[in-house]
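Here's the structure we're looking at; comments come further down.
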Amino acid sequence: MAMQSSPKPHSGPKPLTRRRMLGITAAAAGLPLVGYGLNALAPRGEFVNWTGAALGAEASMSLWHADPALSRRMIDASLLEIARLERVFSLFDAESELSRLNRDGRLDDPSRDLVDLLSTSVALGDASGGSFDVTVQPLWTAYERHYFANPAATTGPTESEIAAARALVDYRRIEIDAKQLRFEQSGMGVTLNGIAQGYITDRVADMLRDAGFEHVVAELGETRALGDHPEGRPWRMGIKDPLDPTRVARTVGITNQAMAVSGGYGTQFDAAGRNHHIFDPATGHSAARYLDVTVISPRATAADGLSTALCVVDELTGARMLAGYPGTQALITRPDGRLLTLSA
């Protein structure tokens, strides 16, 4: 299926500040005057908000707690965890575990995080019939080289160039062991940009839950909410219009759930947007089936990976895929703007 391929620095098209077209509405966590306007039955406490950058995107966390000092300490701890995991999954850091695996074709003594996420990715590859494939990095490289050499090109690489890259794409040829990761073929490469943000979002949310936080929304490229809003309602999340990012297309409510949005608008190679970062491994071309896909699921890792995978598959295949993920719903925008809803 379509995998979000990972960009490298220094050349090729520049990724947008945000890969996802997701926005938190003003009525959700990002209130400018936190703690005001809450009803009399709301638990005692106050919001501590953080905004910044993480994983190459704008990011935010809003923590509601009776002890604001604890909230600030946990935000600091969360940022340290994000930085640690970026040193595992980043393709921009030449010394990250993933970069070293791609460079050398093997990695001895990998971290548990990398082993776990690659194993999860392989399971999602199986569940999606190969539509989700973390080894699409050679396709990114082929498109990047083509457009770097031909910035005004209106078509992508040649079919022979795409075929050569596709010959290196197959998630089943990653050997995964707690002591070593290895590619079965030289020249293979992995990107985790279609699932790592969800994984990191879950890690941070789990840390906060274990520290006793019951009302949190973390937006770290993907979104995860702990509990409901302190007012006793769902967190209200605005999803921007893929054709007009200045406009919020719809608002959904989530309670103790995660949400991820994927679409080809995130990083585009050509001005028309026909060639972008979500590739169909079966064809080597960019997915064009839908405008965007929103997935709401209990955990951000699954929401992230599924939103990427569903960009490529047809509606019937998507419905069968979701059946393996209880409590999950997908909101799919068709090319004509109509909304399709799929539920597990």
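Can you tell me which residues in the stretch 251-278 are assigned to a strand (DSSP E or B) and either at pLDDT below 90 or within 23 Å of W140 (Cα to Cα) (or both)?
Step one: filter the stretch 251-278 for residues assigned to a strand (DSSP E or B), giving 251-254, 258-262, 268, 276, 278.
Result: A260, V261, S262, Q268, H276, I278.
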>> For the stretch 290-340, give me each residue that is in contact with a Leu (Cβ under 6 Å, 6 or more places away or on another chain), of a type in the set (S, T, N, Q) and under 16 Å from G263 (Cα atoms).
In response: T294, T333
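Only residues that are outside any helix (DSSP H, G or I), out of contact with any helix residue (DSSP H, G or I) (no Cβ under 8 Å at 6 or more places or on another chain) and not hydroxyl-bearing (S, T, Y): list them for the stretch 127-176, please. Break it down stepwise before answering.
Initial filter on the stretch 127-176 (outside any helix (DSSP H, G or I)): 128-136, 150-158, 167-170, 174-176.
Checking which are out of contact with any helix residue (DSSP H, G or I) (no Cβ under 8 Å at 6 or more places or on another chain) leaves us with 136, 150-152, 154-155, 158, 167, 170, 175.
Residues satisfying the conditions are V136, N150, P151, A152, A167, D170, E175.
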>> Among the residues in the stretch 38-54, are any in contact with a helix residue (DSSP H, G or I) (Cβ under 9 Å, 6 or more places away or on another chain), under 30 Å from V134 (Cβ atoms), among the polar types (S, T, N, Q) and at pLDDT 95 or above?
In response: no
> Is there any pair linking a residue in the stretch 315-344 that is in contact (Cβ under 8 Å) with a residue 40 or more places away in the chain and in a strand (DSSP E or B) to one that is loosely packed, with under 15 Cβ neighbours inside 10 Å and of a type in the set (V, I, T), with Cβ under 8 Å and at least six apart or on different chains, and which?
Replying inline: L331/T341; I332/T341
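Suppose we filter P245, P281 for residues that are outside any loop (DSSP other than H, G, I, E, B) and over 17 Å from the mean Cα position of the chain (by Cα); which single one remains?
Just one listed residue meets the conditions, P245.
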>> Among the residues that make up the stretch 258-267, is at least one of them touching a residue at least 12 places away in the same chain (Cβ under 8 Å) and farther than 25 Å from V169 by Cβ?
In response: yes
> Which residues, taken from the stretch 68-101, are in contact with a helix residue (DSSP H, G or I) (Cβ under 7 Å, 6 or more places away or on another chain), polar (S, T, N, Q) and in a helix (DSSP H, G or I)?
Replying inline: S78
>> So if I check each of G189, G129, which one is within 24 Å of the chain's Cα centre (by Cα), surrounded by fewer than 19 Cβ atoms within 10 Å (Cβ to Cβ), in contact (Cβ under 8 Å) with a residue 60 or more places away in the chain and more than 30 Å from S71 (Cβ to Cβ)?
In response: G129
>> I'm told T317 meets every condition in (1) at pLDDT below 95; (2) buried (at least 21 other Cβ atoms within 10 Å of the Cβ) except one. Can you identify the failing condition by its number?
In response: (2)
> Can we say A323 is among the hydrophobic types (A, V, I, L, M, F, W, C), exposed (fewer than 15 other Cβ atoms within 10 Å of the Cβ) and more than 30 Å from A149 (Cβ to Cβ)?
Replying inline: yes
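Of these, S99, S111, which one is surrounded by 18 or more Cβ atoms within 10 Å (Cβ to Cβ), farther than 24 Å from V312 by Cα and either hydroxyl-bearing (S, T, Y) or without any contact (Cβ under 8 Å) to a residue 60 or more places away in the chain (or both)? Write out each step before concluding.
Working: S111 fails: surrounded by 18 or more Cβ atoms within 10 Å (Cβ to Cβ).
S99 is the lone residue from the list that is surrounded by 18 or more Cβ atoms within 10 Å (Cβ to Cβ), farther than 24 Å from V312 by Cα and either hydroxyl-bearing (S, T, Y) or without any contact (Cβ under 8 Å) to a residue 60 or more places away in the chain (or both).
Which residues, counting only those in the stretch 142-166, are of a type outside the set (K, R) and under 25 Å from the mean Cα position of the chain (by Cα)? Before you say what the answer is, go through the steps one by one.
The initial filter retains those residues of the stretch 142-166 that are of a type outside the set (K, R), namely 142-144, 146-165.
If the condition is that a residue be of a type outside the set (K, R) and under 25 Å from the mean Cα position of the chain (by Cα), then A142, Y143, E144, Y147, G156, I162, A165 are the ones that fit.
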> Being closer than 20 Å to L339 by Cα, out of contact with any His (no Cβ under 7 Å at 6 or more places or on another chain) and not in a loop (DSSP other than H, G, I, E, B), is that true of even one residue in the stretch 220-237?
Replying inline: yes
> Of the numbered conditions (1) modelled with pLDDT of 90 or more; (2) in contact with a Lys or Arg (Cβ under 8 Å, 6 or more places away or on another chain), V293 satisfies every one except a single condition; which is it?
Replying inline: (2)
>> Regarding the stretch 194-208, can at least one residue be identified that is assigned to a loop (DSSP other than H, G, I, E, B), within 15 Å of L306 (Cα to Cα) and of a type outside the set (D, E)?
In response: yes
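The values are calculated or read from the model by the stated rules, or taken from the named source; none is laboratory data. Note that the structure is a prediction, hence the values are computed from the model and not measured. A quick note on method: Cβ atoms are made from the backbone with ideal geometry, for glycine too, and the neighbour counts reach across all protein chains shown.
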